[in-house]
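Notes for the one structure printed next.
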Amino acid sequence: MTLFRGAFVAIVTPFIDGQVDEQGLKDLIEFQIANGTHGIVPCGTTGESATLSHEEHHRVVELTIKTVNGRIPVLAGTGSNSTEETIELTKHAKEVGADGALVITPYYNKPSQEGLYQHFKSVAEAVDIPLILYNVPSRTAVDMAAATVARCAEVDNIVGIKEATGDMNRACDVIRRCPSDFAILSGDDFTSMSLVLLGGAGVISVLSNVHPKGMADLMNAALAGDVVKAREIQYQLFPLMQAMFFDTNPVPAKKSLELMGKIKSGTPRQPLWQMGEEPLSRMKAVLENQGLI
């Protein structure tokens, strides 16, 4: 059974006065573990990896691994639009004890399908650690085809993919083409139940930041094949899934955690900005309705 199974949280990186709030991060990790989250993903998109310095990136990964202390898997975000930089970040994750690395398709450069394959192959050959690919074309301007994913799956330590197209046709094609032990993880909360029922392994979740128990319960039910229970939880959580995208991720998740008293400040790092009055009001109503504030 794959290590990367269930509800993994793409954990936010809290800041105070522009600096990483280390105690806040540790508190969030404890909140996640106490509520049944199956794994932690530091320095992903939701962790604002694009605006972390290398020093901050290293520190967040190290602090996460130290705080988790082997209780659940840590899948460190290590991707970049530079292959060399990706290898450096992935080597660091391995050195400090990460269970795996989440590696995004190189953004901005717009590599070809062959370029994508060679990028991931180079990282896999340079660092002996389980790699989860990450395909999110809405953010990167490049889309990794199912056939390319299947090619990558033949590389020994490429063990799965976070598929964040929101397209179930794509998810089915990837699952169909890849080995049965290749972990297909949803990158979109709203597709996670469907993907698992089609043969996926779980989700790397935004919503888990604010409702870790709900997402863990949803994945537990879906993975157990309990469709009735999974469907019930899906529709209970659906308004929250929508609310987490009333503004650019992770702005709503961070503000929700501040409103819930889980972190001191939900302010994102620029160029992201705080929520406007109208979407914030709508999000508060959802959080109140769900009993989170």
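The values are calculated or read from the model by the stated rules, or taken from the named source; none is laboratory data. Every value quoted in this text rests on a predicted model; they were computed, and no experiment measured them. Reconstructed Cβ throughout: ideal geometry from the backbone, glycine too, with neighbour counts over all protein chains shown.
Here are some notes:
- Test for F245: is it among the aromatic types (F, W, Y) and either at pLDDT below 95 or more than 20 Å from Q32 (Cα to Cα) (or both): yes
- Complete set of residues in the stretch 222-278 that are outside any helix (DSSP H, G or I), out of contact with any Asp or Glu (no Cβ under 7 Å at 6 or more places or on another chain), among the hydrophobic types (A, V, I, L, M, F, W, C) and closer than 16 Å to L28 by Cα: M260
- Test: residue in the stretch 257-279 that is polar (S, T, N, Q), out of contact with any strand residue (DSSP E or B) (no Cβ under 7 Å at 6 or more places or on another chain) and either under 18 Å from L240 (Cβ atoms) or crowded, with 17+ Cβ neighbours inside 10 Å (or both): no
Condition check ((1) part of a loop (DSSP other than H, G, I, E, B); (2) within 16 Å of R5 (Cα to Cα); (3) modelled with pLDDT under 95) across all residues:
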site: F120; (1), (2), (3): no, no, no
site: V123; (1), (2), (3): no, no, no
site: T148; (1), (2), (3): no, no, no
site: C152; (1), (2), (3): no, no, no
site: V155; (1), (2), (3): yes, no, no
site: G160; (1), (2), (3): no, yes, no
site: G166; (1), (2), (3): yes, no, yes
site: I175; (1), (2), (3): no, yes, no
site: L185; (1), (2), (3): no, yes, no
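- Leading residue by the ranking (nearest to C172 (Cα to Cα)) among those in the stretch 201-221 that are in contact with a Ser or Thr (Cβ under 6 Å, 6 or more places away or on another chain) and part of a loop (DSSP other than H, G, I, E, B): A201
- Count - residues of the stretch 18-47 that are of a type outside the set (S, T, N, Q), more than 13 Å from the chain's Cα centre (by Cα) and at pLDDT 95 or above: 14
- Residue within the stretch 64-78 that is more than 27 Å from G200 (Cα to Cα) and either touching a Ser or Thr at 6+ places or on another chain (Cβ under 8 Å) or of a type in the set (V, I, T) (or both) present: yes
- For the condition more than 21 Å from the chain's Cα centre (by Cα), surrounded by 15 or more Cβ atoms within 10 Å (Cβ to Cβ) and under 22 Å from P73 (Cβ atoms), V159 does not qualify.
- Cβ-Cβ contacts under 6 Å between residues 6 or more apart (or on different chains), taken from a first residue in the stretch 26-42 that is on the phi < 0 side of the Ramachandran plot and of a type in the set (A, V, I, L, M, F, W, C) to a second residue that is surrounded by fewer than 18 Cβ atoms within 10 Å (Cβ to Cβ) and at pLDDT 95 or above, are listed as I33/R71.
- Qualifying residues in the stretch 135-146 (those that are small (G, A, S) and in a loop (DSSP other than H, G, I, E, B)) - the one surrounded by the most Cβ atoms within 10 Å (Cβ to Cβ): A145
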